[in-house]
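First the structure, then my questions, so here it is.
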Amino acid sequence: MDRTVRTVDDVMRLLDGLFASGADRWTREGATWWDEFYADRSRPVPFFAAKPDENLVGLVERGGLGGGRALDLGCGPGRNALYLAGRGFEVDAVDLSPAALTWAGERARAAGVRVGFHQGDAFALAGEEFAGPYDLVYDSGCFHHLPPHRRVGYLDLLDRHLAPGGHFALTCFAAGAMGSELSDADLYRERRLHGGLAYTPASLRHVFAGLTEIELRRMREEPPESPYFGEAFLWAGLFRRAQPARDSGDPEVSGAEEVVSPAGSVVGGRGAGRVEALDGSGTGP
Ligand SMILES: C[S@@+](CC[C@H](N)C(=O)[O-])C[C@H]1O[C@@H](n2cnc3c(N)ncnc32)[C@H](O)[C@@H]1O
């Protein structure tokens, strides 16, 4: 008989272990699978091309971000991290796969840009090897490879490391176009993620309810000759974390914005205390 669960990490590991052996592409054990995926750089995988996402370029070119510090989650061979560094951001980029990071490092040297690359599980390394506050957390295609229970750590990373007023942007599989549409519970029953999870707009809004949605649209399909990456089977989402309340001394009359943690709890401003954190603690980052 085993009674191993004592902490949230124990629960996470227990749920990871419900998946079939070899299904893991999201913890340190999943790195080998990704290394093999990246081993042959000549494969015609669309995101192997060193092109930044069209939505990211649009956001930066519109001046919607204003620079600062950026974190690229699951950066792969680094195409978006390199773009951000080339546009003046101070960039940290993290990925499970040593092979992907070797490739990304070569690209960074060739492009003459500096990126702080980190190898390992982003959610385990956050706060240890890299830390916010980040003005931008960007994720192109990592989130949809996480099993449902790992969303908790994802939101915790945003909670701790996305700056107040900072932006979070992601691309992920769009339901009806790409990815598994099994319910969260059925993914555990089937013991695999079937190549990644599909999301609907409602499911993304539910997961990221603690952030303000700025834009949620399908990625624009980019032709092969385009300098940008774009696939219409992906959502391109842009969210923003609320600004801190102005320190008027009286939150009832300050008119300040609510400060909401990405997990959905109101931690400051007029609405402080009205919404419980998902873990019931009512505490913020
Ligand atoms: C579909 S690839 C996208 C790569 C890159 N963002 C791009 O678009 O070119 C997903 C990446 O997420 C990484 N990944 C998955 N789970 C991760 C985790 N827990 N921590 C860090 N990286 C992770 C994988 O190693 C893989 O390189």
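Quick note: the coordinates plus some simple rules give every number you see, no bench work behind them. As the structure is a computational prediction, the values presented were derived from the model and not from experiment. Counting neighbours? That spans all protein chains shown, and the Cβs are built from the backbone with ideal geometry, glycine included.
Counting only trypsin sites (Lys or Arg not before Pro) that sit in a DSSP loop (anything but H, G, I, E, B) with at most 13 other Cβ atoms within 10 Å, what is the longest stretch of the chain containing none of them?
Details: sites that count: 3, 6, 41, 62, 114, 191, 246, 274.
Segment 115-190 is the longest.
Once all Cα-Cα distances of region 8-277 are split into 10 Å bins that start at 0, what whole-number percent is in each one?
Pairs per bin, as whole percents: 7, 29, 37, 20, 6, 1, 0.
Take the chain, connect every pair of alpha-carbon atoms lying under 10 Å apart with a spring to form a Gaussian network, then pick out the residue of 215, 225, 129 with the largest mean-square fluctuation.
Judging by the Gaussian network model, the answer is 225.
A further question on this structure: Just check region 148-231 against the gyration tensor rule for me: Cα atoms, a ≥ b ≥ c as the square roots of the eigenvalues, rounded for a/c under 1.5, and otherwise prolate or oblate depending on whether a/b exceeds b/c. Mind showing how you got there, number by number?
Details: a/c = 1.99, a/b = 1.05, b/c = 1.90.
Here region 148-231 falls in the oblate category.
Could you work out which residue, out of 99, 185, 131, moves most in a Gaussian network model of the chain, that is, has the largest mean-square fluctuation with Cα springs under 10 Å?
185
Computed FRET efficiency, Cβ-Cβ of residue 39 and residue 11, R0 25 Å: what is it to the nearest 0.05?
On the way: r = 34 Å, r/R0 = 1.34.
For R0 = 25 Å, the calculated efficiency reads 0.15.
Next question, about the same structure. With the Cα gyration tensor of region 1-80 giving a ≥ b ≥ c as the square roots of its eigenvalues, does the rule (a/c under 1.5 for rounded; else a/b larger than b/c for prolate; else oblate) give rounded, prolate or oblate? Each step should come with its number before you reach the end.
On the way: a/c = 4.04, a/b = 1.65, b/c = 2.45.
Cα axes put region 1-80 in the oblate bin.
If you take every residue apart from residue 2 with its C-beta less than 15 Å away from the C-beta of residue 2, what net charge results, scoring Lys and Arg +1 and Asp and Glu -1?
+2
Shifting gears a bit: How many angstrom lie between the Cα centre of region 172-248 and the Cα centre of region 101-153?
17 Å
Here's a follow-up. Suppose only helical runs count, i.e. DSSP H with n ≥ 4. What mean residue ellipticity at 222 nm does that imply for the chain under -39500 (n - 2.57) per run, divided by all residues and rounded to the nearest 500 deg cm²/dmol? Walk me through the numbers on the way to the answer.
Working: 10 runs with 81 residues, N = 285.
It comes out at -7500 deg cm²/dmol, rounded to the nearest 500.
Kirkwood Rh, region 68-144, all Cα pairs: how many Å?
Values: mean 1/r = 0.0835 Å⁻¹.
One over the average 1/r among Cα pairs gives 12.0 Å for region 68-144.
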